[in-house]
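Engineer: Before I ask anything, let me first share the structure, which is written out below as C-alpha cells.
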Amino acid sequence: MEKNLKNVLVISFGFLLLFTAYGGLQSLQSSLNSEEGLGVASLSVLYAALILSSMFLPPILIKKLGCKWTIAISMCCYIAFSLGNFYASWYTLIPTSVILGLGGAPLWSAKCTYLTIAGTSYAEKAGKNAKDIINQYFGVFFLVFQSSGIWGNLISSLILSQSSTEVEISEEDLECCGAYNCLTDTTNTTGSTKPPKSLIYTLLGVYTASGVLAVLLVIIFLDQIKSDQAETEKEKLEAPSFWSTFLATFRHLKDKRQCLLIPLTMYSGFEQGFLSGDYTKVYVTCALGIQYVGYVMICFAAVNSLCSLLFGKISQFTGRKLLFALATVTNTACITALLLWKPHPKQLPVFFVFPALWGLADAVWQTQTNGLYGILFEKHKEAAFANYRLWESLGFVIAFGYSTKLQAYIKLYILLSVLVLSMVTYGAVEYLEAKSSPGTPTATKKENGGPHSQETYM
C-alpha cells in the first residue's frame, strides 16, 4: 500500500474510533446527566473552550509538537471526557469538558495539516495535481469518519436496551413530554429513569477503550512528517504572528458580508444544539426511554452523511439558493410540527421522521455554508473560517446554555426566529454579490460541499 494512503487510513480510523465514543456520549448528555442540567452545561462549557482553543492553540502546538503528536495528545483530551462521565458531577464533567474543548481545535487543525502535506508530497512524487490528491485524501477521510455517528449511537442503544427495568410510562407522565414539557425532573421520572449503573459503566468502558485504541493506532502506525516535508507548512504557521492571526479574525468583520452571515452561521449551532440537547431529552427519552436515543441519532447521522455527499455533488447544478430554500422549508415544517406534536410511544415511526428531516436540512447548512464562505472570501479563507468556527461554536454555547432554563416551545420559537433572520441576512448577501458582479451569477459557480467537518459536531 502506498505510504501516504496508509497514513490517511490510520488517521481516518483513528478519528472513527475516537468520535464513535464522543458522538455517542454527546447525544446522551442531556438524558444521562439531567440533574440540574449538568449534561447540557458541560456541552456549553465544552464549546466555549473550543472557541478559545480555535483562536490560540493550533499553530503553537503544531509548531512545537508536529502533527502526529498534536493529534495523539489532543485525542487524550477526548478520553478525559469519557473518564469524567464515570463519576458525573460538576467537579468532574466541567473540567474534563474544558480539557476536551481545548484539545478539539488542535486535533482538527493537525489532521487538516497532515492530510494537506501528505497529499502535496505524493502529488510532487507522482507528478499529479496537488489539489486533486488532497481532495481524494479528504474524501477517504470523511467516507470512513462519517459513520462514527452511526456506530457510537448503535453501541449506546444496544447496551442500554439490556436494562431489565422497563417502565411503562403512564398517560399522565406523557403529558409532560414534548414542546410544553414539565421543567422539573421530579414531575416525570419514568421515561427519564436511568439505566442500572452497571450498564452505564459498561457503556463508558467501551467508549473509553475505543478512545484508547484511537490513540494507540496513531502512536504506533502514523508516520511522523519529515522535517523537510513539514518545513513549508511550518513557515505558513510561523508567518503571521500570534496576535496578528487573532486580530485578523476580528478585522474580517469589517467585511459587510461576513457580518450578514453571522446569524446563518450561529443558526447551525442552534439547530444542532436543539436536536442533541432538547429533542433527545423532552421527546425521545421522555416518551420512549433513554435506550432509544441512540437509534434516533443513528437516523440523523445516516441521512446527514448521505445528503452531505449528495448536496455537495448537485449544488453545481441546482445552485446554493435552491438548497438553502429546501433546508429553510424543511426546518420550518419540523419546528412547526414539533410545536404541535404530543409524543406518544404508539407513534414510534414519527420519532425517526424528525431527525431524518433534520439531517437533510443540516446537510445543507453545513455543506453550503462552508462552500459559501470559501467562494465569498477566497482571498481571506483563514480569517473567514476562523469566524465560521467562532460563530457556530457560539451558537452551540448559547443553545446548550439556555437548554435547562427554558421550556422546549420557547427554544423552538427562538430557533424559528433565528432561522428567519438568517434567511433575510443571507438574502442580503446574495443581493450584494449580484450587485457587485452582475455578469457572474454566483449561484452557478461550483460550490464544493462534501460531508461537513466534525468541527460542527466537535
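Engineer: Subtract the Cα-Cα distance of Lys197 and Ile60 from 0.36 nm times their separation in residues, and report this length gain in nm to one decimal.
Structural biologist: Stretched out fully, the Lys197 to Ile60 stretch lengthens by 45.2 nm.
Engineer: In what order, largest first, do Leu102, Leu412 sit by accessible area if the probe radius is 1.4 Å?
Structural biologist: Leu102, Leu412
Engineer: Just to make sure I understand: if all protein chains stay in place, what is the order of His252, His380 by accessible area at 1.4 Å, largest first?
Structural biologist: Putting His252, His380 in descending order of accessible area: His380, His252.
Engineer: For the stretch 248-435, list log₁₀ I(q)/I(0) at each q in 0.12, 0.15, 0.19 Å⁻¹, using the Debye formula over Cα point scatterers of equal strength and ignoring solvent, two decimals each.
Structural biologist: Evaluating at q = 0.12, 0.15, 0.19 Å⁻¹ gives log10 I(q)/I(0) of -0.58, -0.89, -1.33.
Engineer: Between Ala126 and Leu432, what FRET efficiency comes out of the Förster formula 1/(1 + (r/R0)^6) with R0 = 51 Å and r the beta carbon distance, rounded to 0.05?
Structural biologist: For R0 = 51 Å, the calculated efficiency reads 0.75.
Engineer: What accessible surface, in Å², does a 1.4 Å probe find on Lys194, ignoring ligands, DNA and RNA and rounding to the nearest 10?
Structural biologist: 90 Å²
Engineer: Now a separate question. Beyond a 28 Å Cα-Cα separation, which of these cross-linked pairs lie in this structure: Lys111/Lys194; Lys6/Lys63; Lys128/Lys256?
Structural biologist: Lys111/Lys194; Lys128/Lys256
Engineer: Ok, one more. How many percent of the accessible area of the chain is carbon or sulfur, using a 1.4 Å probe?
Structural biologist: 66 percent
Engineer: May I ask you to derive the FRET efficiency for Trp90 and Lys254 from their Cβ-Cβ distance with R0 = 41 Å, giving the value to the nearest 0.05?
Structural biologist: 0.55
Engineer: Using a 1.4 angstrom probe and counting only protein chains, how large is the accessible area of Ile220 in Å², to 10?
Structural biologist: About 110 Å², ignoring ligands and nucleic acids.
Engineer: Of Tyr283, Leu412, Cys299, which is farthest along the charge dipole of the stretch 248-435 in the positive direction, counting Lys and Arg as +1 and Asp and Glu as -1 at C-beta?
Structural biologist: Value computed over the given set: Leu412.
Engineer: Ok, one more. Which shape class applies to the stretch 1-85: rounded if a/c is under 1.5, otherwise prolate when a/b exceeds b/c and oblate if not, where a ≥ b ≥ c are the square roots of the Cα gyration tensor eigenvalues?
Structural biologist: Verdict is oblate for the stretch 1-85.
Engineer: Same structure, new question: If you count only protein heavy atoms and use a 1.4 Å probe, how large is the accessible surface of Asp173, to the nearest 10 Å²?
Structural biologist: 30 Å²
Engineer: To continue, here is another question. Compute the acute angle (0 to 90°) between the alpha-carbon long axis of helix 93-126 and the principal axis of greatest extent of the alpha-carbon atoms of the chain; round to the nearest 10°.
Structural biologist: Helix 93-126 sits at roughly 40 degrees to that axis.
Engineer: So, one more: Can you give the convex hull volume per residue for the Cα atoms of the stretch 54-154, as a whole number of Å³?
Structural biologist: Spelled out: Cα convex hull of the stretch 54-154, divided by residues, is 110 Å³.
Engineer: Let me make sure I get this right: for the stretch 347-439, a, b and c are the square roots of the gyration tensor eigenvalues over alpha carbons, sorted descending. Under 1.5 in a/c it's rounded, otherwise prolate if a/b > b/c, else oblate. Which is it?
Structural biologist: Taking the square roots of the gyration eigenvalues as a ≥ b ≥ c, the stretch 347-439 is prolate.
Engineer: Using alpha-carbon positions, what is the distance between the centroids of the stretch 270-286 and the stretch 34-62, in Å?
Structural biologist: Going from one Cα centre to the other spans 19 Å.
Engineer: Take the chain, mark every one of the GluC sites (Glu not before Pro) that falls in a DSSP loop and has at most 14 other Cβ within 10 Å, then report the longest stretch left between them, sites excluded.
Structural biologist: Between exposed loop sites, the widest span is 176-458.
Engineer: Ok, one more. Kindly provide the helix-only [θ] at 222 nm of the chain, computed as the sum of -39,500 (n - 2.57) over DSSP H runs of four or more divided by all residues, to the nearest 500 deg cm²/dmol?
Structural biologist: Per the formula, -25500 deg cm²/dmol.
Engineer: On to the next question. Rule-of-thumb check for the chain: C-alpha Rg over 2.2 N^0.38 Å?
Structural biologist: Normalised Rg, Cα atoms only: 0.96.
Engineer: So, one more: With only Lys, Arg, Asp and Glu charged, each at its Cβ (+1 for the first two, -1 for the last two), find how big the charge dipole of the chain is about the Cα centre; round to the nearest 20 debye.
Structural biologist: Rounded to the nearest 20 debye, it is 1240 debye.
Engineer: Using the Cα gyration tensor of the stretch 345-397, with a ≥ b ≥ c the square roots of its eigenvalues, what is the shape: rounded (a/c below 1.5), prolate (a/b larger than b/c) or oblate (neither)?
Structural biologist: Oblate shape, in that a/c is at least 1.5 and b/c is the bigger or equal ratio.
The values are calculated or read from the model by the stated rules, or taken from the named source; none is laboratory data. Note that this is a predicted model, so its numbers are computed, not measured. Backbone-built Cβ (ideal geometry, glycine too); neighbour counts: all protein chains shown. Protein only, heavy atoms only, side chains kept; ligands, DNA and RNA dropped before computing areas. Shrake-Rupley method; radii C 1.70, N 1.55, O 1.52, S 1.80 Å.
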